[in-house]
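To keep things clear, I will list the structure first and then write my remarks on it.
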Amino acid sequence: MLVSRILALISAIALGLLAAVALVPHSRALLPRLSPPAKAPPTPVLISIEDLAGESWPWPRLDLTLALRAMSPYRPEPVGLLLPLDAPDTFEPAQDNQLARALSSYLTPTLSATAFPFPTPAETLSLPKISHTGSIESLRPADSFFAPEESLRRSGQAAAWKVTPDADGLLTRLPLVFRHENAVTPSWLLQLYAQALGADLTHSTLQGRRLILRDTQDFELQSIPLDLRGSVPIDWSRPDQLPEKMEIRGVVLAAEQERIGVRPYYDLKGISKRPAILAGGLAEVDPIIESPIGPRSLAEAVVRTWTNLSRGPSPVLHPPSGMILSVLLIAALLGLSSGQRGRVCLIESIAWAGLVMVAGWIVAKTEGYAGAFPLAVGAFVTAILAPRLLHWMESSHVR
């Protein structure tokens, strides 16, 4: 009798855990978002380089220089370059200095440095740090980089950037922080987002798995939950959500048309005081990624993540394993206590699953923990199966 109860208890918990694991992709279902920042940063404008397709790579830096100069009078802020600029211009080396001068007209433009998980022959950079509490061993390591060309680094700030698809090849998360030299360093995305938000990363902290963004007066602007790797989810729920996009040569043309009083190709006043990202959907510089809604560009993933953060971040923290097992154990004990009273067992199962869901909703709203829906379903399955497994074992003389 005791052996049957123990086996039924363990089997019910295992089946409930299996049901919960199967629903992990729906961990944020029916959960609220966390509070958005008091003043949401504007959505970035994407300055695409797709109209340079067909020319040999690396392209002359002149196109980038002209676009930055054309945008400069409209004062976009901040400006980020999601482009590999790790080597000098081999055709016109003087263009590197011209591009550096164009960058210097902006307030701390952000350049991406491709990060590697292990030391490589690439150059090692000293990057900004964020104070932290708790262990950071699970964060993505970033110890060496393909750094931006040296003259460009003097005109901007370099930030680590490396994305890692899931096991199924889909890209569903983007990193906000990395582990660098046993410290926490912000990613390219976080550097840009913090500037737009008015946050000072030297006053911000990573507390466990919660990133607290503060301004220079130590006023908390936003709290963002991160997963164990230091990432946040990409919002792929809206297939028709596309970033506002301009092409690099169209920007140059529009600036010249504005100068001579002709109706411009683009209304460049729309980028005033807005973040601008120079990137593109070409395989040479911005690989097409696989997403749940089909192939997309990395720049679009960045804009979607930005929008998700500005609306209020989604719950992403995972419940502790001890909490998961405790919920399932209580569910199994409730099921066994009901015996063969099927109606009582059903009511207890629904009540316990509902309590788990409500508690999970509250914790998601206050602390950023996801997984309430899978755990509630797992608790229901465990509670409803426990007495049936016990009855089957006893009536069938299972030893």
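Worth pointing out:
- Residue within the range 325-342 that is crowded, with 19+ Cβ neighbours inside 10 Å and under 15 Å from the mean Cα position of the chain (by Cα) present: no
- Of all residues making up the range 364-385, the number that are at pLDDT 95 or above and surrounded by fewer than 21 Cβ atoms within 10 Å (Cβ to Cβ): 1
- Once the range 214-259 is narrowed to residues that are touching a strand residue (DSSP E or B) at 6+ places or on another chain (Cβ under 7 Å) and farther than 30 Å from Thr366 by Cβ, the residue that is surrounded by the fewest Cβ atoms within 10 Å (Cβ to Cβ) is Glu244.
- Lone unmet requirement of (1) over 17 Å from Arg61 (Cα atoms); (2) in contact with a Ser or Thr (Cβ under 9 Å, 6 or more places away or on another chain); (3) at pLDDT 85 or above; (4) buried (at least 17 other Cβ atoms within 10 Å of the Cβ) for Asp143: (3)
- Meets criteria (among the β-branched types (Val, Ile, Thr), more than 30 Å from Arg304 (Cβ to Cβ) and at pLDDT 95 or above) for Val398: no
- Count of residues meeting criterion [in a strand (DSSP E or B) and not basic (Lys, Arg)] in the range 202-243: 15
- In the range 352-370, the residues that are within 13 Å of Ile324 (Cβ to Cβ) reach residues that are among the polar types (S, T, N, Q) with C-beta atoms within less than 8 angstrom, at least six apart or across chains, in these pairs: Ala370/Ser27; Ala370/Ser314.
- From the list Val377, Val381, Val358, Val303, the one residue that fits, being in a helix (DSSP H, G or I) and closer than 30 Å to Ser72 by Cα, is Val303.
- The numbered conditions (1) part of a helix (DSSP H, G or I); (2) over 30 Å from Leu7 (Cβ atoms) are all true for Glu290 except (1).
- Residue tally, condition touching a Ser or Thr at 6+ places or on another chain (Cβ under 8 Å) and of a type outside the set (Phe, Trp, Tyr), over the range 90-111: 12
- When we screen Pro175, Pro148 for residues that are in the same structural domain as Leu206 (by TED's automatic domain parsing) and more than 21 Å from the chain's Cα centre (by Cα), the only hit is Pro148.
- Failed criterion for Ala40 (all others in (1) modelled with pLDDT of 90 or more; (2) within 20 Å of the chain's Cα centre (by Cα); (3) in a loop (DSSP other than H, G, I, E, B) hold): (1)
- Just one of (1) in contact with a helix residue (DSSP H, G or I) (Cβ under 6 Å, 6 or more places away or on another chain); (2) assigned by TED's automatic domain parsing to the domain that holds Leu375 fails for Ile49. It is (2).
- Boolean, Ser27 is in contact with a Phe, Trp or Tyr (Cβ under 9 Å, 6 or more places away or on another chain) and at pLDDT 80 or above: yes
- Single residue of the range 60-71 satisfying the filter (buried (at least 18 other Cβ atoms within 10 Å of the Cβ) and not basic (Lys, Arg)) that is modelled with the lowest pLDDT: Asp63
- Candidates Val377, Val381 - the one that is closer than 22 Å to Val24 by Cβ, of a type in the set (A, V, I, L, M) and within 30 Å of the chain's Cα centre (by Cα): Val377
- Scanning the range 158-176 for residues that are outside any loop (DSSP other than H, G, I, E, B) and buried (at least 17 other Cβ atoms within 10 Å of the Cβ) returns Ala158, Ala159, Ala160, Trp161, Arg173, Leu174, Pro175.
- Within the range 335-355, tally of residues that are hydroxyl-bearing (Ser, Thr, Tyr) and either assigned to a helix (DSSP H, G or I) or in contact with a strand residue (DSSP E or B) (Cβ under 9 Å, 6 or more places away or on another chain) (or both): 2
- Screening the range 106-127 for residues that are surrounded by 17 or more Cβ atoms within 10 Å (Cβ to Cβ) and either of a type in the set (Ser, Thr, Tyr) or part of a loop (DSSP other than H, G, I, E, B) (or both) and picking the one that is modelled with the lowest pLDDT gives Leu125.
- Top-ranked residue of the range 72-92 - restricted to ones that are at pLDDT 90 or above and of a type outside the set (A, V, I, L, M, F, W, C), ranked as farthest from the chain's Cα centre (by Cα): Pro73
- Out of Leu9, Leu52, Leu15, sole residue that is farther than 18 Å from Pro109 by Cβ, surrounded by 15 or more Cβ atoms within 10 Å (Cβ to Cβ) and modelled with pLDDT under 90: Leu52
The values are calculated or read from the model by the stated rules, or taken from the named source; none is laboratory data. What you are looking at is a predicted structure, and each value in this text was computed from that prediction instead of being measured. Virtual Cβ from ideal backbone geometry, glycine too; neighbours counted across all protein chains shown.
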